[in-house]
1. Restricting to the range 122-157, count the residues that are in contact (Cβ under 8 Å) with a residue 60 or more places away in the chain, loosely packed, with under 15 Cβ neighbours inside 10 Å and under 15 Å from the mean Cα position of the chain (by Cα).
2. Those residues that are under 15 Å from residue 53 (Cα atoms), buried (at least 20 other Cβ atoms within 10 Å of the Cβ) and over 11 Å from the mean Cα position of the chain (by Cα), I need them from the range 93-121; list them, please.
3. Among the residues of the range 62-86, count how many are surrounded by fewer than 21 Cβ atoms within 10 Å (Cβ to Cβ) and outside any loop (DSSP other than H, G, I, E, B).
4. What are the pairs with Cβ atoms under 7 angstrom where one residue, in the range 91-105, is on the phi > 0 side of the Ramachandran plot and the other, located anywhere, is part of a helix (DSSP H, G or I) and buried (at least 20 other Cβ atoms within 10 Å of the Cβ)? Sequence gap at least six, or different chains.
5. Which one of the conditions (1) farther than 23 Å from residue 44 by Cβ; (2) touching a helix residue (DSSP H, G or I) at 6+ places or on another chain (Cβ under 9 Å); (3) part of a loop (DSSP other than H, G, I, E, B) does residue 102 fail to meet, given that it meets all the rest?
6. Looking only at the range 123-150, count how many residues are farther than 20 Å from residue 69 by Cα and in a helix (DSSP H, G or I).
7. Output the residues belonging to the range 30-46 that are in a loop (DSSP other than H, G, I, E, B), over 15 Å from the mean Cα position of the chain (by Cα) and surrounded by 13 or more Cβ atoms within 10 Å (Cβ to Cβ).
8. Read through the list (1) touching a helix residue (DSSP H, G or I) at 6+ places or on another chain (Cβ under 8 Å); (2) surrounded by fewer than 18 Cβ atoms within 10 Å (Cβ to Cβ); (3) within 20 Å of residue 149 (Cβ to Cβ); (4) touching a residue at least 40 places away in the same chain (Cβ under 8 Å), then give the number of the only condition that residue 19 fails.
């Protein structure tokens, strides 16, 4: 599978994949995906395999980048890399046989200032993408349940300055 080959190449310290910006090296591990994979292949099949996952990811990202509520978050980001890593993450979690080569959720979203409304908008887009892919509602909820514990690592609340 191409995703696995690209992940292995990154882990081996090979050049940056085509179209992506170079990044500072970091420790790569499947644990960085933020969740353990489902057992069996039912979830992978529910998402229609690699092609279905790619469509869900692309639709989610396209909708998010176009959404004026959250589009600023994506400005200056490597969208090519984002697509690849989100596909890897979903493939890994859905037990599609992929490795995950991205950073931890906390490190990947550090200093982005993602707030509750931003996170909610992204989830809206993911849900719309899963509906468009005709993913069974129960499978959608199972994936969302795997992703939900990542929220504190993605969303950081800014503490109000204390009065003097």
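1. 1
2. Once the filter is applied, which keeps residues that are under 15 Å from residue 53 (Cα atoms), buried (at least 20 other Cβ atoms within 10 Å of the Cβ) and over 11 Å from the mean Cα position of the chain (by Cα), the range 93-121 yields 94, 96, 98, 99.
3. The number of residues fulfilling the criteria is 14.
4. From the range 91-105, the pairs are 95/43; 95/44.
5. Of (1) farther than 23 Å from residue 44 by Cβ; (2) touching a helix residue (DSSP H, G or I) at 6+ places or on another chain (Cβ under 9 Å); (3) part of a loop (DSSP other than H, G, I, E, B), only one is false for residue 102: (1).
6. Number of matching residues: 17.
7. 38, 41
8. (3)
Throughout, read-outs are computed from the coordinates displayed, never taken from laboratory work. All figures in this text were calculated on a predicted structure; none of them were measured in a lab. Here the Cβ is made from the backbone with ideal geometry for all residues, glycine too, and neighbour counts use every protein chain on show.
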